[in-house]
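Notes follow once the structure below has been shown.
Only the coordinates and a few stated rules stand behind these numbers; no lab work does. Just so you know, these numbers come straight off a predicted model, no measurement behind them. Counting neighbours? That spans all protein chains shown, and the Cβs are built from the backbone with ideal geometry, glycine included.
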Amino acid sequence: MAQKPVSQKPAPKPKARPRPARPVAKPAAKAAARPSRRPAPVEPAAPPIVKPPKATANELDLLKELSNAASVSGDEGAVRKIILDAIRPHVDEVNVDVMGNVLAIKRGPGRGERVLVAAHMDEVGFMVSGHDADGTLRIEIVGGVDDRVLLGKHVLVGAKRVPGVIGVAPVHLLNADRRSAVTKANQLRVDLGVESADAAKKLAKAGDRGVFATEFDVVGPSLRGKALDDRLGCATLVELLRGGPYGFDLHAAFTVQEEVGLRGAKVAGYAVDPVCAFVLDCTPAHDLPHSDEERENAQYNTRLGYGPAIYVADASTLHDARLVAYLQATAAGAGIPYQIQQPGGGGTDAGSIHRNRAGVPTVSLSVPGRYLHTPVSLVRAEDWRNSVKLMKLALEGWTTKILKR
Amino acid sequence: MDVIAHLKELTSAPGLSGYEAPVRETIRAAWAPLTTEIHVDRLGSLWATKAGTAKAPRPKIMLAAHMDSIGLMVTQVAGEFLRVTQVGGIDARVMPGQLVTVHGKEDLPGLVAQPAAFLLPKANREGVVPLGELVVDVGLPAERVAALVRVGDVISFAAPPRELQGDMLVARYCDNRASVAALTVCLETLQTRPHAWDVIAVATVQEEVGVKGALTSAFALNPALAIAVDVAFGSGANVKDSPDRTFALGGGPVIAFGPNMHPGLSAALKAAADRAEITHTTESLASHSGTDAFGIQIARAGIPTACLGIPLRNMHTPVEQLSAKDVARTGRLIAEFIAGLKEDFVSTLTLE
């Protein structure tokens, strides 16, 4: 029997003595072990979140008037008039420029640095493009409106706010294909209740603008109305002008034509030539549940009830990091909740302002809003009041030191 | 009678199919002073009887106008949002952006919302979003919604009424409160017109879900004649390719002819309209009238039934549009017909 070479059986390993568990290094400790390239972020000691003061009846009335007024891009006169009346007693100078922007100056005792705060006056809506023989109006949409929210809605046309209806063929008369087809804007007609083009022309001319007929309302903790984007920003800016004076010259720009390309802001930014700018807007809150209950909604952009949204980056602007940090620190220091708008999408007047002349450090602060650019938008009153409170404190505490690198 | 004011009153009360109580009270208040007897039947239909002058036993004519309306019902409370289904035929195309009232423990103002595309199933992102994918937002935090709203609560449209030019009114629930208003006009007109027959105005329930009030009320009432009053498709910009099935607002009531209507009765109605010079049109309805007439005609041993339609644009949406003149004309036509009804009319009724 061939003997297998007797291989030395490896000596049995001594049973591992149970070793004391090595302490698991916490990631922070690990980082501390190596010299890091960036300083660890400074967490401000957070005071407790406090509720903001509620809007006064006066402030709510102004917002209601602004929300109900009709001011479609390019035709902002109605809102402009409300704002001019509201701010004249509180500013040193006010002008309406060639595009219709309201540019107001509230001087402060400081060295006259110019800080721009902007909010846009215009809303999305439609324009009458022609008259059909049956008395209805053909329309074109102004700004970004999903065709699907236009059907079966009350509207108001022109400066006289002539009531009309965007009608629809009843489903009973349609086959299945047409029932599930989206009606495009150019197929829609506004019905004023007249039966001839002549009668219609007496009520609404081609070029007249139209808006949804929604009336502003307070619903529990929420505010509901049309054009909260950006009448909320306008109302906030009016309140800021009623406050102060601040340590700098506050240049308020109530801009036109934001919804059709941030165009009024470009001109306003050029005229003011500020050292920095804050833009007040309303940003979508897509915080509805996912159709598939298992899935989490991770693309909400902003959420109602989480405070005003500070922009870091949207589709048109990388917001100035110093101003972002300043707003965050101001909020944290005063117990004001805030959220960061999820980066990537959307746009505000900051898109035009920051590229103006040699550049303007800019940040946007928005109230989160559901159903923007539809007949009825919805926000939480507290998010709005917190945005007012945050902006007030930010302006009251602003110095050029904030822009130091 | 101020028809527009009455219409605004009638359309201000909710009354979904199966939940008609609020509007029934509004109608009772309007009809009680014009009639001698009010009765609510087993399913909730409201009968208002105005006695005729002929000797008892008098023949009865039933005037049916459904008081129920379409709406929504809560299927799920999903945090602060509600998922819904339809009660009656809802047009999902017009729902995004509509104001509604959720009838929970309290009436809660809400709106119908279309979620952003990324929240919808891929198949629903581009086209008309089906009702099951829309949500209702009442503007309250989840804890409040949980305390106030339950699965099964009903939801009505909340868009306010608006007057357009002339006598045009846009309001929710013109289908079929317009017909109820027409019956009010009829009863009012009959206050000063003697009539042999007993007139029973019936505000029926649950028409929108299968003409159930009509079926059961007709059985219980067993009238000799019946006229169902409902809404007809109004002509206009959006229905240009249905010229025969749509009728001008301001053209008066539409008298229907077809298998669902007794030809003799329909002809008699038309004759009454011609005699009284009431502007009207006629409609050829090839099959189902889509109204209470469908149920009444085959109740018991069969009831001679006619159908009048009030032209209406944007049917089954919260922005239904009509001409107040058409409502008044419809009421007057029925009153004229009843005033001219001889006691032995039924014996003269022929199918030719």
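Things worth noting here:
- Residues B:344, A:217, A:122, sorted so that the one with the fewest Cβ neighbours within 10 Å comes first: B:344, A:217, A:122
- Rounded if a/c under 1.5, otherwise prolate or oblate - chain A, Cα gyration tensor axes: oblate
- Counting only alpha carbon atoms, the long axis of helix A:381-396 and the longest principal axis of chain A meet at about 80°.
- In a DSSP loop and with at most 10 other Cβ atoms within 10 Å, the GluC sites (Glu not before Pro) in the range A:246-328 are A:293, A:294, A:296.
- For the range B:98-111, the Karplus equation 6.51 cos²θ - 1.76 cosθ + 1.60, evaluated at θ = phi - 60°, returns couplings of 7, 7, 9, 10, 8, 8, x, 4, 10, 7, 10, x, x, 9 Hz by residue, with Gly and Pro reported as x.
- Its relative contact order, with pairs defined as Cα atoms under 8 Å and 6+ residues apart, puts chain B at 23 percent.
- GNM result for chain A, Cα springs below 10 Å: residue of A:190, A:279, A:379 fluctuating most strongly: A:190
- Close amide H contacts of residue B:299 (hydrogens built in the peptide plane, cut-off under 5 Å, sequence separation of 5 or more or a different chain): none are found.
- Cross-link table A:51/A:401; B:60/B:212; A:106/A:266; A:54/A:266, entries beyond 24 Å C-alpha to C-alpha: A:51/A:401; A:54/A:266
- Under the shape rule built on the C-alpha gyration tensor, where the axes satisfy a ≥ b ≥ c, chain B is prolate, since a/c reaches at least 1.5 and a/b is greater than b/c.
- Under 5 Å between amide hydrogens, built in the peptide plane, is the criterion, and for residue B:158 it picks out B:99, B:100, B:101 among residues at least 5 positions away or on other chains.
- MRE, 222 nm, helices only [DSSP H, n ≥ 4, -39500 (n - 2.57), over chain A, to nearest 500]: -7000 deg cm²/dmol
- Within a Gaussian network of chain A (alpha carbon springs, distance under 10 Å), most fluctuating of A:329, A:265, A:70: A:329
- Amide H contacts for residue B:307 (H built 1.01 Å from N in the peptide plane; partners 5 or more residues away or on another chain; cut-off under 5 Å): B:228, B:256.
- Whole-Hz ³J(HN,Hα) from phi, Karplus 6.51 cos²θ - 1.76 cosθ + 1.60, for the range B:252-265, glycine and proline x: x, x, 9, 8, 8, 10, x, x, 6, 10, 5, x, x, 5
- Residue mean of other protein chain beta carbons inside 10 Å, B:234-243: 6
- Across the range A:243-257, coupling constants 3J(HN,Hα) worked out from phi with the 6.51/-1.76/1.60 Karplus curve, θ = phi - 60°, read x, x, x, 9, x, 7, 8, 7, 9, 9, 10, 8, 8, 10, 6 Hz, and Gly and Pro carry x.
- Chain A, relative contact order in percent, only Cα pairs under 8 angstrom and at least six apart counted: 21 percent
- In a simple Cβ point-charge model (Lys, Arg +1; Asp, Glu -1; nothing else charged), chain A has a dipole of about 3060 debye relative to its Cα centre.
- Rounded FRET efficiency, nearest 0.05, which uses the C-beta distance separating residue A:181 from residue A:322 and R0 of 60 Å: 0.75
- DSSP-defined beta bridges in chain A - what % are antiparallel, rounded to 5: 65 percent
- Counting, for every residue in A:289-296, the Cβ atoms of other protein chains within 10 Å of its Cβ and taking the mean gives 4.
- Charge dipole (debye, nearest 20) of the protein assembly as shown; +1 at Cβ of Lys and Arg, -1 at Cβ of Asp and Glu: 4080 debye
- Rounded to 10°, Cα long-axis angle of helix B:174-189 versus longest principal axis of chain B: 30 degrees
- Its relative contact order, with pairs defined as Cα atoms under 8 Å and 6+ residues apart, puts the range B:12-107 at 22 percent.
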